Every structure is written in structure tokens, then in C-alpha cells.
Amino acid sequence: MDAPYPWFEVGALAVTRRTCPQMPAERRFLAALGEMSQAEVSGDILILRNAAGGEMVFTATGPGGR
């Protein structure tokens, strides 16, 4: 299902199952990402939000970004 902008929907994610010290943080990140339901783009910044007031903020880097 595709969500119209500004609504945000995460489908099935493909990640490696390699064990590493950062696995708990990766699980928390992916769980939080799956809870996001709205997107906002402002310049080189992407803000994802959910109904509970949670936010994830991403800044573009590299060519065209900071």
C-alpha cells in the first residue's frame, strides 16, 4: 500500500541478521521507524512523526546536502 504525502508508511524491511554490539540500537531504530506515520521535508531535512508525538530527524549529507 502506498501512502500519499505527507503520510508515511514503512513496508517490509530487509536487514542483515549479523550479530554485532549495535543490534539492540538497530532494533530500537527499526521499531521506531515502523511507528512513524507522517513525513515532512524542509530543504535537506526529513522529519518523520507519529501520532504519539515521536519524531525522527534525518539530514542529507554528501552531494547536495550538508
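Kindly indicate whether residue 24 is in a loop (DSSP other than H, G, I, E, B) and free of Cβ contacts under 8 Å to residues at least 12 places away in the same chain. So residue 24 does not fit the description; no.
Condition check ((1) loosely packed, with under 13 Cβ neighbours inside 10 Å; (2) modelled with pLDDT under 75; (3) outside any helix (DSSP H, G or I); (4) of a type in the set (A, V, I, L, M)) across all residues:
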position	(1), (2), (3), (4)
5	yes, yes, yes, no
41	yes, no, yes, yes
47	no, no, yes, yes
52	yes, no, yes, yes
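The values are calculated or read from the model by the stated rules, or taken from the named source; none is laboratory data. Computed from a predicted structure; not experimentally measured. Please note: Cβ atoms are built from the backbone with ideal geometry, for glycine as well, and neighbour counts cover all protein chains shown.
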